Amino acid sequence: MTLFFIVSSFTARLAAQENLDALVKKCETMDSVDINYVRAKDEKTKKLETKIINITIKNNQALINQFLEAFKKDEINANNVIEDKKGGRIISLFYQFADDTYSFTSGTKDFRGLGHEKAGYAVVTVLKGPKGKNASK
């Protein structure tokens, strides 16, 4: 019985933010998004581990919408949720899971120097918790 509880608890943790994790992995293979990694050395293993992932999405409303849908799907597994809406649009989200924390900020920005007048953008930040080992880099 104890083994069942441990296994089901571990499985629930893995599935807690499965939709968000899948989108982060997808973004890591895309050339159209900017990604920044912050890594630190784990004192026990002496290996560099990803602590923070920042993903910047510019002028790709479909991908932004996919993140919003993933947040909604994974919301039931979040321990804490903060949602900020302005004019009926979601401006920012903050979801804290057992191990990792995800934040989302969106808006419009003047990208004239990049060939766009004004474009939608979003920034997704993943803070890896002490047990969060799912970073692919």
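Name the residues in segment 101-111 that are free of Cβ contacts under 8 Å to residues at least 12 places away in the same chain and within 10 Å of the chain's Cα centre (by Cα), would you? Give the derivation first.
Pass one, segment 101-111, residues free of Cβ contacts under 8 Å to residues at least 12 places away in the same chain: 110.
Within segment 101-111, no residue meets the criteria.
Would you be able to tell me the number of residues in segment 17-59 that are over 15 Å from the mean Cα position of the chain (by Cα) and surrounded by 14 or more Cβ atoms within 10 Å (Cβ to Cβ)?
Number of matching residues: 4.
Cβ-Cβ below 6 Å, separation at least six or inter-chain, first residue in segment 74-100 and farther than 22 Å from residue 61 by Cα, second charged (D, E, K, R) and assigned to a helix (DSSP H, G or I): which pairs?
Filtered contacts from segment 74-100: 98/13.
Filter segment 63-103 down to residues that are assigned to a strand (DSSP E or B) and polar (S, T, N, Q) and give me whichever is modelled with the lowest pLDDT.
Step one: filter segment 63-103 for residues assigned to a strand (DSSP E or B), giving 80-86, 89-96, 101-103.
Add one more test, that the residue is polar (S, T, N, Q), and what stays is 80, 92, 96, 101, 103.
Values: 80: 95, 92: 89, 96: 95, 101: 95, 103: 96.
For segment 63-103, the residue satisfying everything is 92.
Quickly run through segment 33-62 and pick out the residues that are out of contact with any Lys or Arg (no Cβ under 8 Å at 6 or more places or on another chain) and assigned to a loop (DSSP other than H, G, I, E, B).
Within segment 33-62, 42, 43, 44, 45, 46, 59, 60 qualify.
The values are calculated or read from the model by the stated rules, or taken from the named source; none is laboratory data. All of these numbers come straight from a predicted model, not from anything done at the bench. Heads up, the Cβs are rebuilt from the backbone with ideal geometry, glycines too, and the neighbour counts pull from every protein chain shown.
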